[in-house]
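*Asks:* This is the structure I want to talk about, given as structure tokens.
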Amino acid sequence: MSLIIYLDGRFVPEEQAKISVFDHGFLYGDGIFEGIRAYNGRVFKLDEHIDRLYDSAKAIKLAIPMGKGEMVDVVLETLRRNHLRDAYIRLVVSRGKGDLGLDPRKCPGATVLCITAGITLYPPEFYEKGLEVVTVATRRNVPEALNPRIKSLNYLNNILAKLEAARAGVLEAIMLNQEGYVAECTGDNIFIIKQGRLITPPVHVGILEGITRNTVMDLARAKGFTVAEEVFTRFDVYTADEVFLTGTAAEVIPVVNVDGRLIGDGVPGPVTSDLIAAFREYARNQGTPI
Ligand code: PMP
């Protein structure tokens with residue numbers, strides 16, 4: 001069945017959702033996006049995602065041709081038209097059509113689109129057995145060049161890391177920053193747990209400030225855990241009691257092997273399992289109703 005796509009003010013069947021080859025999102029990765037989830041008829045942390053979208057736009061001086069309230073309506077209406085209650089939602093705002101030069105001032109209007117689709121998740125066994133990941137040579141973009149806080153359409157940095165992970169036969173890669181501190185994975189944030197204390201890299205290390213990351217920090221604190229945003233190295237990852245990743249698509253997923261080192265006993269740890277359950281429960285019970 002063909003999906004209904006929101007594109008520049010219209011809801012059209014997928015086959016008619018066409019964008020110019022002169023769109024600078026396509027030509028240069030000049031644009032921004034969000035990945036959002038709907039659970040059980042509600043959109044999870046919608047306002048936080050919309051805020052991050054507008055912050056990304058601000059950072060690249062991209063004028064989004066509608067207000068936040070209208071963008072919320074776009075997401076909800078696209079879900080309604082596709083009769084989706086559980087979905088992955090992709091909002092994209094590109095610089096729009098311009099000429100072949102780089103100059104964004106020659107692009108008179110942004111392109112806005114919303115795709116809602118079924119969810120493709122990591123297979124369930126990874127939540128039970130845990131993931132193996134590797135550290136890759138590709139460093140995370142330095143904030144002074146392209147700040148990872150901007151969720152830009154230019155994901156080549158992450159894709160290069162993903163290619164290295166694929167070559168190593170694993171699904172995710174740990175990326176370090178320029179100083180060699182752990183930054184994040186290609187599409188997820190990372191946490192380590194040591195003696196009951198949760199640690200995740202601070203935003204200034206050069207990461208996307210994940211909405212799942214922030215939610216998990218809140219859930220863990222509510223459970224009485226100490227949560228710290230601190231820089232750490234691969235040594236700290238190898239010697240952690242538990243490691244897990246967070247992201248909109250993955251939710252909370254355990255990591256049991258990093259660069260061939262077993263984490264803890266090589267099986268998902270109790271705190272991670274507790275947080276997986278807590279996150280699922282929380283996500284299914286709050287959000288903006290569709
Ligand atoms: N880091 C990167 C590079 C990502 O692409 C994502 C996915 N959006 C995340 C972290 C996790 O962020 P969130 O929890 O907001 O999905």
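*Asks:* Any chance you could count how many residues in the range 259-290 are surrounded by fewer than 18 Cβ atoms within 10 Å (Cβ to Cβ), without any contact (Cβ under 8 Å) to a residue 60 or more places away in the chain, in contact with a helix residue (DSSP H, G or I) (Cβ under 7 Å, 6 or more places away or on another chain) and within 19 Å of Thr248 (Cβ to Cβ)?
*Replies:* Count: 1.
*Asks:* If we keep just the residues of the range 1-44 that are buried (at least 18 other Cβ atoms within 10 Å of the Cβ), among the charged types (D, E, K, R) and in contact with a Ser or Thr (Cβ under 7 Å, 6 or more places away or on another chain), which is farthest from Thr212 (Cα to Cα)?
*Replies:* Only one residue tops the list, namely Asp23.
*Asks:* Right, something else. Report yes if Arg221 is in the same structural domain as Thr186 (by TED's automatic domain parsing), more than 21 Å from Tyr181 (Cα to Cα) and more than 16 Å from the ligand (Cβ to nearest atom), otherwise no.
*Replies:* For Arg221, the condition - in the same structural domain as Thr186 (by TED's automatic domain parsing), more than 21 Å from Tyr181 (Cα to Cα) and more than 16 Å from the ligand (Cβ to nearest atom) - is met.
*Asks:* Which residue out of Thr116, Thr111, Thr78 is within 28 Å of Glu209 (Cβ to Cβ) and in contact with an Asp or Glu (Cβ under 7 Å, 6 or more places away or on another chain)?
*Replies:* Numbers: Thr116 fails: in contact with an Asp or Glu (Cβ under 7 Å, 6 or more places away or on another chain); Thr78 fails: in contact with an Asp or Glu (Cβ under 7 Å, 6 or more places away or on another chain).
After applying the criteria, what remains is Thr111.
*Asks:* Taking the condition of being of a type in the set (Ser, Thr, Tyr) and either buried (at least 21 other Cβ atoms within 10 Å of the Cβ) or more than 19 Å from Lys162 (Cβ to Cβ) (or both), how many residues in the range 116-134 meet it?
*Replies:* Total meeting the criteria: 2.
*Asks:* Quick check: anything in the range 142-149 in contact with a strand residue (DSSP E or B) (Cβ under 8 Å, 6 or more places away or on another chain), assigned by TED's automatic domain parsing to the domain that holds Gly269 and either assigned to a loop (DSSP other than H, G, I, E, B) or at negative phi (or both)?
*Replies:* Yes - at least one qualifying residue is present in the range 142-149.
*Asks:* Which residue out of Tyr122, Tyr155 is aromatic (Phe, Trp, Tyr), more than 12 Å from the ligand (Cβ to nearest atom), out of contact with any Asp or Glu (no Cβ under 8 Å at 6 or more places or on another chain) and closer than 30 Å to Ile4 by Cβ?
*Replies:* Selected residue: Tyr122, the only one of Tyr122, Tyr155 that is aromatic (Phe, Trp, Tyr), more than 12 Å from the ligand (Cβ to nearest atom), out of contact with any Asp or Glu (no Cβ under 8 Å at 6 or more places or on another chain) and closer than 30 Å to Ile4 by Cβ.
*Asks:* So Glu281 fits all but one of (1) part of a helix (DSSP H, G or I); (2) touching a strand residue (DSSP E or B) at 6+ places or on another chain (Cβ under 9 Å); what number is the exception?
*Replies:* (2)
*Asks:* While we're on this one: Can you tell me which residue is farthest from Phe232 (Cα to Cα) among those in the range 176-205 that are near the ligand (Cβ under 9 Å from one of its atoms) and of a type in the set (D, E, K, R)?
*Replies:* Restricting to residues being near the ligand (Cβ under 9 Å from one of its atoms) and of a type in the set (D, E, K, R), the top hit is Asp188.
*Asks:* Within 13 Å of the ligand (Cβ to nearest atom) and surrounded by fewer than 20 Cβ atoms within 10 Å (Cβ to Cβ): which single residue out of Leu160, Leu208 fits that description?
*Replies:* Leu160
*Asks:* So in the range 83-129, with the set limited to residues that are assigned to a helix (DSSP H, G or I) and within 28 Å of Val12 (Cβ to Cβ), which one is nearest to the chain's Cα centre (by Cα)?
*Replies:* Going through the qualifying residues, I end up with Pro104.
*Asks:* Could you please let me know if Arg37 is outside any helix (DSSP H, G or I), in contact (Cβ under 8 Å) with a residue 60 or more places away in the chain and in contact with a strand residue (DSSP E or B) (Cβ under 9 Å, 6 or more places away or on another chain)?
*Replies:* Yes; evaluated as a whole, the condition is true for this residue.
*Asks:* Please go through (1) under 27 Å from Tyr282 (Cβ atoms); (2) not in a helix (DSSP H, G or I) for Gly180 and return the number of the only condition it doesn't satisfy.
*Replies:* Every condition holds for Gly180 apart from (1).
*Asks:* Please determine, by comparing only the residues of the range 227-246 that are within 20 Å of the chain's Cα centre (by Cα) and crowded, with 22+ Cβ neighbours inside 10 Å, which one is farthest from the ligand (Cβ to nearest atom).
*Replies:* Val243
*Asks:* Please go through the range 67-82 and pick out each residue that is surrounded by fewer than 20 Cβ atoms within 10 Å (Cβ to Cβ), outside any loop (DSSP other than H, G, I, E, B) and not aliphatic (A, V, I, L, M).
*Replies:* Lys68, Gly69, Glu70, Asp73, Glu77, Arg80, Arg81
The values are calculated or read from the model by the stated rules, or taken from the named source; none is laboratory data. Note that the coordinates shown come from a computational prediction; the quantities given were computed from them, not determined experimentally. FYI the Cβ positions are ideal-geometry reconstructions off the backbone, even for glycines, and counts take in every protein chain you see.
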